[in-house]
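> My questions all concern the structure below.
The values are calculated or read from the model by the stated rules, or taken from the named source; none is laboratory data. Just so we're clear, the structure is a prediction, and the values are computed from it rather than from any experiment. Using ideal geometry, Cβ is built from the backbone for each residue, glycine included, and neighbour counts are taken over all protein chains shown. SASA here: full protein model, heavy atoms, side chains in, ligands and nucleic acids out. Shrake-Rupley method; radii C 1.70, N 1.55, O 1.52, S 1.80 Å.
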Amino acid sequence: MADNLPTEFDVVVVGTGLPESIIAAACARSGQRVLHVDSRNYYGGNWASFSFSGLLSWIKENQQKTDLSDECEDWRKLILEDEVAIPLSRKDKTIQHVEDFCFCDPDSAEGVEEAGALPKLPVFGAPAAQGENSLGSEKENAAVESPAEEAQSAEAARAPGAEGAAGAGAGAGPGAAPGGGAAPSAAAPQPPGTEAAPSGNAAQEPKKITYSQIVREGRRFNIDLVSKLLYSRGLLIDLLIKSNVSRYAEFKNATRVLAFREEKVEQVPCSRADVFNSRQLTMVEKRMLMKFLTFCLDYEQHPEEYQAYEHSTFAQFLQTRKLTPSLQHFILHSIAMVSETESSTLEGLEATKKFLQCLGRYGNTPFLFPLYGQGEIPQCFCRLCAVFGGIYCLRHAVRCLVLDRASGRCKAIVDHFGQRISANYFIVEDSYLSESTCTNVCYRQISRAVLITDQSVLNTDSEQQVSVLTVPPLALGRAAVCAIELCSSTMTCMKDTYLVHLTCPSTKTAREDLEPVVQKLFNLNTEKETENEELEKPRVLWAVYFNMRDSSGVEKSSYAGLPSNVYVCSGPDSALGNDCAVKQAEAIFREMFPAEEFCPPPPNPEDIIYDEDEIEPEESGVNNSPETKPETSAEECSSGGGAAVTKEE
């Protein structure tokens, strides 16, 4: 398939993580010829999402750390005398200490297959979630496929192989446009009524879930490697709307913000209505809280209020504001979400202001979550790139960068087929760089845990809740843990289960960092070993812990020997939002093409003027028109909890 690849491009992008995908989309949108490759067989890199079987395969791969086969061992012979080669890494070393555990009924899952799975089929296309509203204009509620995807969709069903190595990348060659990648969006759309909110008289006892059920319903799961939410007024939401990429994804509101205080979980009042309707707060506390939040919204206008505490921590500043301990806890850990010991007063005030400014845009909390998981977002930008002519190749490894000795610039790459591909600019994800290139780089680590549980950490009348919970440090020297709990209507887990993501900066292995928090919030015992006091806690059915490299914030000068036209994109950071990735992508694009606009809106089809000798799209053999989804009714919105998002507020 690589024989069909052109040998010259304007930009070559290696890796399909979020920053790389945004850059690829921006370059293609500005008219550049883009080649986007990834040695993996799925889109997203460490930003990807997997079905349950796909995640099991990913776990096995990272526990074994097997080397990749080399299809061109003598690629060094292709380097000329006036050239220098910078080898790229053949192993992904960004994931460490992977441990998985099964706590549910260990019935035999041998021979159990995922419902509806088509084994070992390289497939394309992204299913559009029904009953939810798209980000962007409500009138633009359409799922758009690139020409390459439309050609593929007629002959391939979108389902992962049983071994989890399925998706758009398996054998993908030139012109393969990303629709949903592989496992990132492998869950099939739920049948009508499957995810309806339960009635008020539903049984309180959680249903018994066995391991074989989880395996059988594995395509209902879309499990993110990195757990993030989108701030409703954050940089990523603004970019999705501006570039019209929002049409490719759908979102659900995070419905509540929780706090862990005095060994129990409780809901935090965020909006003005929440504050005054809260039964947790006294009338005096409500006035205190509203007064402080009002101050935070325009704190820059009142420097006399905080100047004396600029060198103090935000926690110390809160103690001077005549706030009760419970209010201080809510503000510090659940609204500002900053460190108790490290964050300054100004950092805390800015974080609080950001939280408050995002309230009310799309719901009662500042956050949105993409249906089918965070892994959908990189694929959305890849789709935009493909629509504007970008070429995609998964399972396509790059062996080295080729430098010209005279100019010191990178002139080409050599792929695993031994083909040289020339370009003007090269974007490389950090995990592809070799140890020799990264000798002087000091990386941080992120501790991650993913749990499948049988009930919510805070049960209410509605089971369909998306919750954000910050657990304060349980010991000195530890970091606060951010927990995101997802319900089945987010299309990330099967019915009667919840998916819980735990994230914190690493101090030890992921299990050592996060298991104490898991023990506080959940019941880890098997059903027979459960004690009475543990019965009220949600039971963990399955869990995985792993450490992920945090390469954000690394200066380009830290990488040894990289030429000026090679740019490095970092992997995910530990922050809750995506601002770091968007800022990095825009900075790299503007450095390459300072005169071009970053991700401008695509033209409306009605505004395109064709030359007389040009063939109209309708008359050609290819149909590029968007496939319009059925309009979402008001009833579907209210039952599904979708975010109705518009461009103009």
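> Mind checking which strands (runs of 3 or more DSSP E) fall wholly inside the stretch 409-474 and carry at least 3 residues that are over 15 Å from residue 554 (Cα atoms), touching a His at 6+ places or on another chain (Cβ under 8 Å) and not assigned by the TED database to the domain that holds residue 32?
444-453
> Inside the stretch 571-591, can you point out the residues that are over 25 Å from residue 411 (Cβ atoms) and polar (S, T, N, Q)?
Answer for the stretch 571-591, where residues must be over 25 Å from residue 411 (Cβ atoms) and polar (S, T, N, Q): 574, 578.
> I would also like to ask the following. What pairs come out if I take residues in the stretch 570-585 that are farther than 12 Å from residue 17 by Cβ and pair them with residues that are aromatic (Phe, Trp, Tyr) and modelled with pLDDT of 95 or more whose C-beta lies under 6 Å away, six or more apart or interchain?
Close Cβ pairs (under 6 Å, with a partner that is aromatic (Phe, Trp, Tyr) and modelled with pLDDT of 95 or more) amount to 577/231.
> On the basis of being farther than 24 Å from residue 382 by Cα, modelled with pLDDT of 90 or more and open to solvent by 50 Å² or more (accessible area, probe 1.4 Å), does residue 71 make the cut? It would help to see each step written out before you state the result.
On the way: farther than 24 Å from residue 382 by Cα: yes; modelled with pLDDT of 90 or more: no; open to solvent by 50 Å² or more (accessible area, probe 1.4 Å): yes.
It is false that residue 71 is farther than 24 Å from residue 382 by Cα, modelled with pLDDT of 90 or more and open to solvent by 50 Å² or more (accessible area, probe 1.4 Å).
> Counting only residues that are touching a strand residue (DSSP E or B) at 6+ places or on another chain (Cβ under 7 Å) and open to solvent by 30 Å² or more (accessible area, probe 1.4 Å), which one in the stretch 390-408 is farthest from residue 584 (Cα to Cα)?
405
> Next question. Give me the helices (runs of 4 or more DSSP H) completely within the stretch 220-304, filtered to those with at least 2 residues that are in the same structural domain as residue 338 (by the TED database) and open to solvent by 10 Å² or more (accessible area, probe 1.4 Å), ordered by residue number.
Values: elements: 235-243, 272-277, 283-297.
The helices (runs of 4 or more DSSP H) meeting that bar are 272-277, 283-297.
> Please identify the pairs in which a residue from the stretch 344-365 that is touching a residue at least 60 places away in the same chain (Cβ under 8 Å) has its Cβ atom under 6 Å from the Cβ atom of a residue that is of a type in the set (Ser, Thr, Tyr) and surrounded by 18 or more Cβ atoms within 10 Å (Cβ to Cβ), counting only partners at least 6 apart or on another chain.
As it stands, the answer is 358/231; 358/232; 361/232; 362/232, since those pairs meet every condition given.
> Could you check how many residues of the stretch 1-18 are touching an Asp or Glu at 6+ places or on another chain (Cβ under 8 Å) and modelled with pLDDT of 95 or more?
Of the residues in that region, 5 qualify.
> Still on this structure, please answer the following. Only one of 449, 475, 510, 483 is over 20 Å from residue 265 (Cα atoms), out of contact with any Gly (no Cβ under 9 Å at 6 or more places or on another chain) and either surrounded by 22 or more Cβ atoms within 10 Å (Cβ to Cβ) or aliphatic (A, V, I, L, M) (or both). Can you tell me which? Steps first, answer last, please.
Details: 449 fails: over 20 Å from residue 265 (Cα atoms); 475 fails: over 20 Å from residue 265 (Cα atoms); 483 fails: over 20 Å from residue 265 (Cα atoms).
One residue alone meets the criteria, 510.
> In the stretch 1-32, which residue that is charged (D, E, K, R) and open to solvent by 10 Å² or more (accessible area, probe 1.4 Å) is farthest from residue 569 (Cα to Cα)?
Filtering first and then ranking leaves 3.
> Out of the residues in the stretch 367-389 meeting the condition of being of a type in the set (A, V, I, L, M, F, W, C) and assigned to a helix (DSSP H, G or I), tell me which one is most open to solvent (accessible area, probe 1.4 Å).
In this case the residue turns out to be 387.
> Every residue in the stretch 569-583 that is open to solvent by 20 Å² or more (accessible area, probe 1.4 Å) and either hydrophobic (A, V, I, L, M, F, W, C) or in a strand (DSSP E or B) (or both), please.
If the condition is that a residue be open to solvent by 20 Å² or more (accessible area, probe 1.4 Å) and either hydrophobic (A, V, I, L, M, F, W, C) or in a strand (DSSP E or B) (or both), then 575, 576, 580 are the ones that fit.
> Looking at residue 477 and the list (1) touching a helix residue (DSSP H, G or I) at 6+ places or on another chain (Cβ under 8 Å); (2) modelled with pLDDT under 95; (3) not charged (D, E, K, R), which single condition is not satisfied?
Failed condition: (1).
> Sticking with this one: Tell me the residue from 433, 394, 384, 451 that is touching a residue at least 12 places away in the same chain (Cβ under 8 Å) and in contact with a Cys (Cβ under 9 Å, 6 or more places away or on another chain), please. Spell out the reasoning first.
Working: 433 fails: in contact with a Cys (Cβ under 9 Å, 6 or more places away or on another chain); 394 fails: in contact with a Cys (Cβ under 9 Å, 6 or more places away or on another chain); 451 fails: in contact with a Cys (Cβ under 9 Å, 6 or more places away or on another chain).
Matching residue, one of 433, 394, 384, 451: 384.
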